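Report on the following structure.
We did not get these values from a lab; they are worked out from the coordinates using the rules stated. Computed from a prediction, not measured in an experiment: that's the story for all the values here. Glycine also receives a Cβ, built like all others from the backbone with ideal geometry; neighbour counts cover every protein chain displayed.
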2 protein chains.
Amino acid sequence: MKYQTLTPDEAAALIENGENIGLSGFTAAGVPKATTRAIAKKAEEEHAAGRPFKINLFTGASTSASTDGALAKANAVDQRTPYQSSPDLRKNINGGHTRYNDMHLSHTAQYMRYGALPRVKTAIIEAANITDDGEITLTTAGGNSPTYCKLADRIIIELNSYHPKELREMHDIYMPLDPPHREPLPLIAPDHRIGTHTLKVDPAKIVGIVHTNEPDGIGAFKDGDPVTDKIGENVVVFLEEELKKGKIPASFLPIQSGVGNIANAVLAALGRSQEIPPFKMYTEVIQDSVIDLMKQGRCIMVGGCSLTVSDGMLADMYKDLDFFKSRVILRPQELSNNPEIVRRLGLICINTAIEVDLFGQVNSTHFFGKQMMNGIGGSGDFARNGYLTIFTCPSIAKGGAISSIVPMVSHHDHTEHDVDIVVTEQGVADLRGKCPRDRAKEIIENCVHPDYRQLLLDYMALTPQGHTPHNLGKAFEMHNAFLGTGDMRNANFAPAE
Amino acid sequence: MKYQTLTPDEAAALIENGENIGLSGFTAAGVPKATTRAIAKKAEEEHAAGRPFKINLFTGASTSASTDGALAKANAVDQRTPYQSSPDLRKNINGGHTRYNDMHLSHTAQYMRYGALPRVKTAIIEAANITDDGEITLTTAGGNSPTYCKLADRIIIELNSYHPKELREMHDIYMPLDPPHREPLPLIAPDHRIGTHTLKVDPAKIVGIVHTNEPDGIGAFKDGDPVTDKIGENVVVFLEEELKKGKIPASFLPIQSGVGNIANAVLAALGRSQEIPPFKMYTEVIQDSVIDLMKQGRCIMVGGCSLTVSDGMLADMYKDLDFFKSRVILRPQELSNNPEIVRRLGLICINTAIEVDLFGQVNSTHFFGKQMMNGIGGSGDFARNGYLTIFTCPSIAKGGAISSIVPMVSHHDHTEHDVDIVVTEQGVADLRGKCPRDRAKEIIENCVHPDYRQLLLDYMALTPQGHTPHNLGKAFEMHNAFLGTGDMRNANFAPAE
């Protein structure tokens, strides 16, 4: 191989304070590991020597302990875009040490090409293979690698021998032209391939290869519980009814499913349905539960941005790569989350909310208006453009001290205009075509936990007039009751006597 | 002509209580007039006779005094979708007499075809011409007419001889297939035509023709004032700088511009710019100011959903139809506002906000969280998908008693994830890539009225920690100060002594 070999420390030595770095990967899948750990170590050394050292970090989505985790512990991240889920980084973001820009994941690449985001100087790309003429085989994610490689002055490759070179056949790499030259994305079905298997870069930009052999380190999700199982069942019963009514075509539509235990429970329930035919998925993150459905023949194929499966599951897949490489397509997030495609294919979009309010506004990101949890991720790319947009959440949290349904969400990520259906373990609220008062009635009757029904009816009664019957003096009374007393049930909306 | 002629009263007599009606048009342009007035009269007669009579009304957007106005005065509207701007209807919506579903204007047609909205039984379509085999020439708007005609059991035509039949050449009528059969929209430039000049319907559905001769009745907008002029100038100086920096391609990009006096001032300023080359527009509503720019050669062509020009301007255009019919394209709103096209063409999107908050969330619809003004309209279709999304507003209203920039907007229509640039007469805030604290700093320094700067800095100081430094106990303190005292400046964020 013609490229220079670098140790992780040698690679990290290239990185300067204030540098804009773009990483491959999406979730922990496909993210560089050794170089970022070495950058974190360098940051600690620089800080110990009394010198400032922070980088601006651009990724596909969240990363892993070796990246956001290590860099956050070293307080080595100034700007961070577009998504994270690291406990250590979250602490820095909420503490004001890291400036985090939470954005739609389909927007990042084009915004950087447009000049609306800082341009990355260095791209660090995990690869399963690299040829002398600059053809990179990405590992387990599409991410923003095509754009970061295009814009970067230099590229560091982490060549990870843990992954087979045959992964190339899973990838469908495509980057649209930018306005005014952009053309229609020619993708018209979830299993349609429109790009290339490898990412071609200018080999002159490749400054070196860091050799690794390390899995993504993804653990299995914990099993569902009665609440998530009931949410999954409620979603599926609703979809079965829509199918019966002819509101969903008889051949069904592709599924997009968010990440986490509720998403897993929904997928498991879809797997068990006798009414819903075998289906395709066009989604962002491919989790273990999707692979299980593929083994069962319930999910025919899946296109997504990342193969975020547990190390054990991935090892199994690699043993049966011929089966999976014809049924799994990995795409850059600009394509997996693209509004044009989401609307064209007519996705059934199922995502998780932190909070939903009486009028169908959704909070996906913040606790009590202030503390960032993870970020909006791709939920907005899908929710806005889906054929049917479903948000799920348990009706209560913290043993009932928090209601997930509140008068007004404390942070707005998805507006009433983008939310069709709300599902909790209590039931299903269909908000489509309804005015705010009718939406509130539907949500209180079907989704709210019994402990909170009267309280929310009391809130509605405060304001007999107005299109959206909010009372700005009391809209956060439940939140403030929790902050003050530790229990939202202590809120009081009864009129003064 | 083979169709039956109906008087407006005969047409109205066909309409039953509770019926779902779809209208042609978008804004006052192209909306039926005589039949809707007659339906309002029928409603009054029915109510006088002690019988219930309300219809469910589906339109393109807002309508006119002959439609929403007359029907609202007769309290004849139960459900109303997707947009309105009628003072009388607004009263009914806020009073709880009309159930209004405020939605993205590109969504209505497909949602009705999907079965997510009630299906219209009757379509009432204003036409400049109709042939015996059912080819309709629409008048001054594309609207949702293709879908309403497709789904309706019966069609009433208002044949309005005020409009020349040659209007057919302005229209580009296209309806996408629905999932799973939808294909890429083949439109790749604002002046590209992909559809037909006329709307072909089954002639057997046409139950009669109501003959009219009546203009749309649109008055000229009032002239700009120093505040709107300064906003326009600020937008244009910003765009000129972006162009110089190469962040906008040298050939410029198509403009989308909202409706109203600020939009007119922005367009006028674009017209005066020496730096910005002649440009194309891909927009929703085509106002007088666009036609002025076309006459000056500053706007080369415009594609939109409606020709919402004053009666005098339209009369002028009809005298010079050869010039305009090659430069104006009218499209259904499913196409004019389509996310796929908006993102592909890379529109510069300029829309007006009612309120903006420190973190870039935008309220386009409500006063004080409760009272509906008009609706979100197409602003979300454009804002989410534009190359560059700009929201404009004056920094203050009501002589300074209201600040348009507040700690938290009282209703959320566009989230922080969809807002790039905020412009007031004070200046320009560039929010792109910034974290919430940096956005707040940028907005306070550049957009907030001097009367409110310290107050908003005081709000920020309440919460030193947290990604988004909100204080849920005080987030609406300025709104509540106005509600309580008539002036937001009476809010107090100083820490207790």
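Kindly give the distances from A:Gln465 to its copy-mates, label point to label point, with each label point 7 Å from Cα along Cα→Cβ, as nm values to one decimal ordered shortest first. Once sorted, the set of distances for A:Gln465 reads 4.3 nm. Over chain A, dividing the summed -39,500 (n - 2.57) contributions of all DSSP H runs of at least 4 residues by the number of residues returns a 222 nm mean residue ellipticity of -8500 deg cm²/dmol. The magnitude of the dipole of the stretch A:25-142, with charges of +1 and -1 set on the Cβ of Lys/Arg and Asp/Glu and taken from the Cα centre, is near 440 debye.
Using Cβ point charges alone (K and R +1, D and E -1), the dipole size of the stretch B:142-261 about the Cα centre works out to roughly 400 debye. Taking every residue in A:362-371 and counting other chain Cβ atoms within 10 Å of its Cβ, the average works out to 4. Distances between equivalent label points of B:Ser326 across the copies, with each point positioned 7 Å along Cα→Cβ, amount to 5.6 nm, shortest listed first. Pairs spanning more than 23 Å between alpha-carbon atoms, out of A:Lys91/B:Lys247; A:Lys54/A:Lys91; A:Lys42/A:Lys150: A:Lys91/B:Lys247; A:Lys42/A:Lys150. Placing one equal scatterer on every Cα of the stretch A:264-407 and applying the Debye formula, the log10 ratio I(q)/I(0) at q = 0.18 Å⁻¹ is -1.15. Think of the protein assembly as shown as a dipole: +1 on every Lys or Arg Cβ, -1 on every Asp or Glu Cβ, centred on the Cα centre; then among A:Met488, B:Thr415, B:Cys149, B:Cys149 lies furthest on the positive end. Candidates B:Ser251, B:Gly30, A:Gly134 compared by Cα position along the dipole of the protein assembly as shown: farthest toward the positive end lies A:Gly134, with charges placed on Cβ. For peptide B:177-187, the mean count of partner chain Cβ atoms within 10 Å of a residue's Cβ comes to 5. Cα convex hull, the protein assembly as shown: 164 Å³ per residue, rounded to a whole number.
Run through the DSSP bridge list for chain B and note the antiparallel percent, rounded to the nearest 5. In chain B, DSSP labels about 30 percent of beta bridges as antiparallel. The calculated Kirkwood hydrodynamic radius for chain B is 23.4 Å, given to one decimal from all distinct C-alpha pairs. Looking at the stretch A:5-212, the DSSP beta bridges with both ends there are about 20 percent antiparallel. Shortest first, A:Ser161 label-point distances to identical copies amount to 8.8 nm, with the label point at 7 Å from Cα along Cα→Cβ. Placing +1 on each Lys and Arg Cβ and -1 on each Asp and Glu Cβ, with no other charges, gives the protein assembly as shown a dipole about its Cα centre of roughly 340 debye. Per residue, the Cα convex hull of the stretch A:266-335 amounts to 85 Å³. The aspartates and glutamates within cross-link reach of A:Lys121, meaning a Cα-to-Cα straight distance under 18 Å and a gap of 8 or more places when in the same chain, are A:Glu10, A:Glu16, A:Glu19, A:Asp78, A:Asp153, A:Glu158, A:Asp202.
Peptide B:412-423 has a mean of 5 when you count, residue by residue, the C-beta atoms of other protein chains within 10 Å of its C-beta.
So what is the relative contact order of chain A, in percent, for Cα pairs below 8 Å that sit 6 or more residues apart? Value for chain A: 13 percent. Judged by the mean number of other Cβ atoms found within 10 Å, the most tightly packed of the peptides A:130-141, A:446-457 leads the ranking A:130-141, A:446-457.
Computed over the Cα atoms of the stretch B:256-306, the ratio of the radius of gyration to the Kirkwood radius (Rg/Rh) comes to 0.92.
Modelled this way, with points 7 Å down the Cα-to-C-beta line, the labels at A:Lys441 and A:Thr7 are 7.2 nm from one another.
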